[in-house]
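Q: First the structure, which I've put down as C-alpha cells, then a few questions once you've had a look.
The values are calculated or read from the model by the stated rules, or taken from the named source; none is laboratory data. What you see is a predicted model, and the numbers here were worked out from it, not measured in a lab. As a convention, Cβ positions derive from the backbone with ideal geometry for all residues, glycine included, and neighbour counts pool all protein chains shown.
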C-alpha cells in the first residue's frame, strides 16, 4: 500500500473545515518530504509524474494557523522493505564468557516481555492498570468495492486512505447483500437466517424488526462499563418504541429509523423521519444529513469522559445511499466524470471521507486515539443503479455475487495493532464483529447462546489468518428460494444470485425468480469475478457443499415478511409514528 500511486489531479482539495476550495494546486516549492504523524489530517493527494511519487497535502496545526500547509512524499515500498517488515530480530551469539550472563538476562527480559504483552493484550482477564479501549464503528451505506481510494485512485478519500495506510486493510471482509441483515448480523453475532431477517430489509410501512428477545452488542458493552451511542441509520425496526436504538442498549441516538431519506428534507416514502432519542427532531433548514451525523459524533466525543468510561460509538452514515444528493463543493471534485450519477455519487463518498476526517480529529484532539480501535465497513455492495462500481467483482447490491457481499473496510489502532500499512486477507464475516468487539472491550461475562460469531481480534492484530474457514452468505428457503456458502476458496450458489426486484416508485421488493434451482460453483482464488461455473466439473465438491448448507438449515427460522400497513393509518400528518405495531 505504501507504493500506491494516485493520478494527477487538476485541482487538489483543501479539506480545511472553514474553506472547501477544490481548485488549490500544489506548487513545486511545496513539495517537501516529511513523515506521517497522528496530528495531521490528509487533505488531498498529488501525483508527481516526474518523480513518480505520491504527495499529500496535510493540515498542520490547523487550530493555530489554518493557512499553513505542508506536503508529504510517500515512497514506494520495495520488496526488501516488505520482507523486512515480516521478520523478527534474531538473538546474536555472544562469546562463551558471557553465555551465563546472557542467558540470565534473556530469561529476565523474556519474562518481562511476556508479562507486558499479557497485560496489554485485549483478551487479558485483569487489565486493571488501564481502561479498555474506546471503540468507533463506522458504516457506510451502499459503498462499492471500487469506490474507495486504495482500490481506485480516481476516488478521493484521503482521510480513509491515511487510516488504511497506517492500519489494516480488510481485503476479505463480507457482509449481507442488503442493509437490514448486515446491521442485524453485526449487532447480534447471528446469521440473519437465524433471526428471521434473511429476506431483504425493514420496509417503510412494514411491522418488521430485529426480535427484542435477542441480546445485541451495546447491551453487553454496557455491562462492561461502556457508554454506547449511535448516530445515523438504524433500519432494524420502527413500528414501536421498544424496537428503536435507545431501547436496545444505546444511551443515545440521533438519526433515521428507516432505510434512507432525502438528505435535506429528511423525508422518505412520504414520511418525515429524523429523531433524537425517542423524539422527532427538526435540524436547521438546509443542513445535510451526513454533516449532522458527523457533528453528533464529534459532540459525543467532546462530552464523553473517556478517563472514567470507555466509549462505544457507532456512526451509521446513509452516505452514499440514494437519493444522490451532495453539496456542490464535493461534486465539483470530479470535473472529469461525465456520468451525472457517478459524479454525484463520488462526491458523496468524498463527503463521507471528510466527515470521518472530522471524527478522527476529534478523537485526536481529545486524546482518545491513543486508546481507540477504529473500524470502518460498508454495509453491502454498491448499488449500480445509482452510480456505484463494484469492479472487478461481479454483481450488485442485493446479489449473492461477490459484488453484493464483499465489503471495503479497515481497522486502525496505533496502540493495539502490531503492524501498519498491512493488507489482511483472512476471511471475516459481518457476524464476527460481535465477538471481535467484545474481545476488544475485554468482555468477561456470559455471551448469548448459539452465536455464529467468532473473534478475529487476534488475527487482526497479527494481520494474518482467520478464525474461520467458511461462512454462509445467506439462506432464504421461504421467499427468494436461494442460498450461498463459502468453504475455503470455493463458493456455491443455489437459485438465482440476483435476489430481488425493487420498485422505486412503490418501494416494494419481490423475488426475481424463486423457481430457479440452478447450482453454481466457483473457485474464488482462481476466479474472483465468478465467471466460470465449475458445478458440472466437480460434482463431488457440489455434493459436499450442499450437505453443509443442509446442516446450517437445521437451525434456520422462517423469514419474517409481514404485510404492509396503510400509510394513512400508520403515518398521519406525514410524521413517522412509533405506535403502530
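Q: Scan the stretch 534-549 and report the pairs whose first residue is farther than 28 Å from residue 194 by Cα and whose second residue is part of a helix (DSSP H, G or I), with Cβ atoms within less than 8 Å and a gap of 6+ or a chain change.
A: Pairs found: 534/541.
Q: Please verify whether residue 294 is surrounded by 15 or more Cβ atoms within 10 Å (Cβ to Cβ), out of contact with any strand residue (DSSP E or B) (no Cβ under 8 Å at 6 or more places or on another chain) and part of a helix (DSSP H, G or I), treating the condition exactly as stated.
A: No.
Q: Turning to a different aspect of this structure: Select from the stretch 381-408 the residues that are in contact with a strand residue (DSSP E or B) (Cβ under 6 Å, 6 or more places away or on another chain), within 19 Å of residue 495 (Cβ to Cβ) and in a loop (DSSP other than H, G, I, E, B) and list them in ascending order.
A: 398, 400
Q: Return yes or no: is residue 195 surrounded by fewer than 24 Cβ atoms within 10 Å (Cβ to Cβ), more than 30 Å from residue 462 (Cβ to Cβ) and without any contact (Cβ under 8 Å) to a residue 60 or more places away in the chain?
A: Spelling it out, it is not the case that residue 195 is surrounded by fewer than 24 Cβ atoms within 10 Å (Cβ to Cβ), more than 30 Å from residue 462 (Cβ to Cβ) and without any contact (Cβ under 8 Å) to a residue 60 or more places away in the chain.
Here is a yes/no grid of residues against (1) modelled with pLDDT under 95; (2) in a helix (DSSP H, G or I):
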| residue | (1), (2) |
| --- | --- |
| 531 | no, no |
| 541 | no, yes |
| 544 | no, yes |
| 547 | no, yes |
| 552 | no, yes |
| 573 | yes, yes |
| 581 | yes, no |
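Q: Okay, next question. Any idea which of 413, 420 is surrounded by 23 or more Cβ atoms within 10 Å (Cβ to Cβ) and either modelled with pLDDT of 95 or more or over 17 Å from the mean Cα position of the chain (by Cα) (or both)?
A: On inspection, the qualifying residue turns out to be 413.
Q: Does residue 136 satisfy being modelled with pLDDT of 95 or more and farther than 27 Å from residue 415 by Cβ?
A: For residue 136, the condition - modelled with pLDDT of 95 or more and farther than 27 Å from residue 415 by Cβ - is not met.
Q: Still on this structure, please answer the following. Given the conditions (1) surrounded by 17 or more Cβ atoms within 10 Å (Cβ to Cβ); (2) farther than 27 Å from residue 249 by Cβ; (3) more than 20 Å from the chain's Cα centre (by Cα), report the number of the one that residue 345 does not fulfil.
A: With (1) surrounded by 17 or more Cβ atoms within 10 Å (Cβ to Cβ); (2) farther than 27 Å from residue 249 by Cβ; (3) more than 20 Å from the chain's Cα centre (by Cα) applied to residue 345, the lone miss is (3).
Q: Using the structure shown, decide if residue 180 is modelled with pLDDT under 95 and either out of contact with any strand residue (DSSP E or B) (no Cβ under 9 Å at 6 or more places or on another chain) or not in a loop (DSSP other than H, G, I, E, B) (or both).
A: no
Q: Right, another one. Checking the structure you have, find out if any residue of the stretch 388-401 is crowded, with 20+ Cβ neighbours inside 10 Å, in contact (Cβ under 8 Å) with a residue 40 or more places away in the chain and under 29 Å from residue 228 (Cβ atoms).
A: Yes, the stretch 388-401 contains at least one residue that is crowded, with 20+ Cβ neighbours inside 10 Å, in contact (Cβ under 8 Å) with a residue 40 or more places away in the chain and under 29 Å from residue 228 (Cβ atoms).
Q: Among the residues of the stretch 427-446, write down those that are in contact with a helix residue (DSSP H, G or I) (Cβ under 7 Å, 6 or more places away or on another chain) and at pLDDT below 95.
A: 445
Q: Could I ask something else about it? What number of residues in the stretch 297-318 are without any contact (Cβ under 8 Å) to a residue 24 or more places away in the chain and part of a helix (DSSP H, G or I)?
A: Counting residues in the stretch 297-318 that are without any contact (Cβ under 8 Å) to a residue 24 or more places away in the chain and part of a helix (DSSP H, G or I) gives 2.
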